[in-house]
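What follows is a short report on a single structure.
Any read-out appearing in this document is the output of simple, stated calculations on the displayed coordinates, not a laboratory observation. Quick caveat: nothing in here was measured; it's all calculated off a predicted structure. Here Cβ is always computed from backbone atoms with ideal geometry, including for glycine, and neighbour counts include all displayed protein chains.
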Amino acid sequence: MRKQMFLLLSFTLVCMFFTAAPAAASILVKEGSHGEAVRHVQELLIEQGFLEGEADGACGPQTVAAIEKFQESRGLTVDGVCGDGTYYYLSGGQTYESAEEPEAEAGAGEAEGAETQSAEAESDGSIPQGWAMYVSATGYSAYDPGNSRHTASGTLVRHGVIAVDPDVIPLGTKVFIPGYGRAVAEDIGGDIKGHRIDVAFDSREEALMFGRRDLEIIIIE
């Protein structure tokens, strides 16, 4: 009876942990999309001279063409889709989550906001150049059950490392992940096939909080 109660309590705590974990913020604006995310992207495109007219919250051919013009101007993959990577360039180095925070909360601490922005941007304030790739990403760490502390390249599993399918992203490739930073492809995995990556963290807790999400990364070199 005690064993059953212990198992029930453990299961409840695990469920509470995953329920409390924040959902991944992501943006995906493509032809046929509607809503505030589309309106926000349109406003940015209008401000930068890539789109004429008003932001109506509907992604039609004109919005797609404007996204393509912006992507071409920044050397990104031209597909007319604004995902996390394209949005990062369009917004000047922000993630969609930070851009959507209420002004009152964002202005509560200017120092805190500056710290967050500096953590996401490069040390000189620039945004890395490259081309965008959509991937399914999962957080992992050296402390996950069954994981080794070393990557397939012989380095330590740590923040700044990703595991990849070498046929899609060769080992040694440098990437930029909005909200995470720069990383290098140093690891592989039996279940990592196609456009799927594992993103390394320094602790199991961080990896669990990251969870699994679809996002757009920037291939730097």
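Potential lengthening of the chain between Ser73 and Ile46 amounts to 8.2 nm, from the contour at 0.36 nm per residue minus the alpha-carbon distance. Using the average count of surrounding beta-carbon atoms within 10 Å as a protection proxy, the listed peptides 189-200, 50-61, 81-92, 145-156 rank, highest first, as 81-92, 189-200, 50-61, 145-156.
If the chain linking His159 and Tyr143 were pulled fully straight, counting 0.36 nm for each residue of separation and taking away their Cα-Cα distance, it would gain 4.5 nm. The distance between label points at Glu36 and Ala58 comes to 2.1 nm (points 7 Å beyond Cα on the Cα→Cβ vector).
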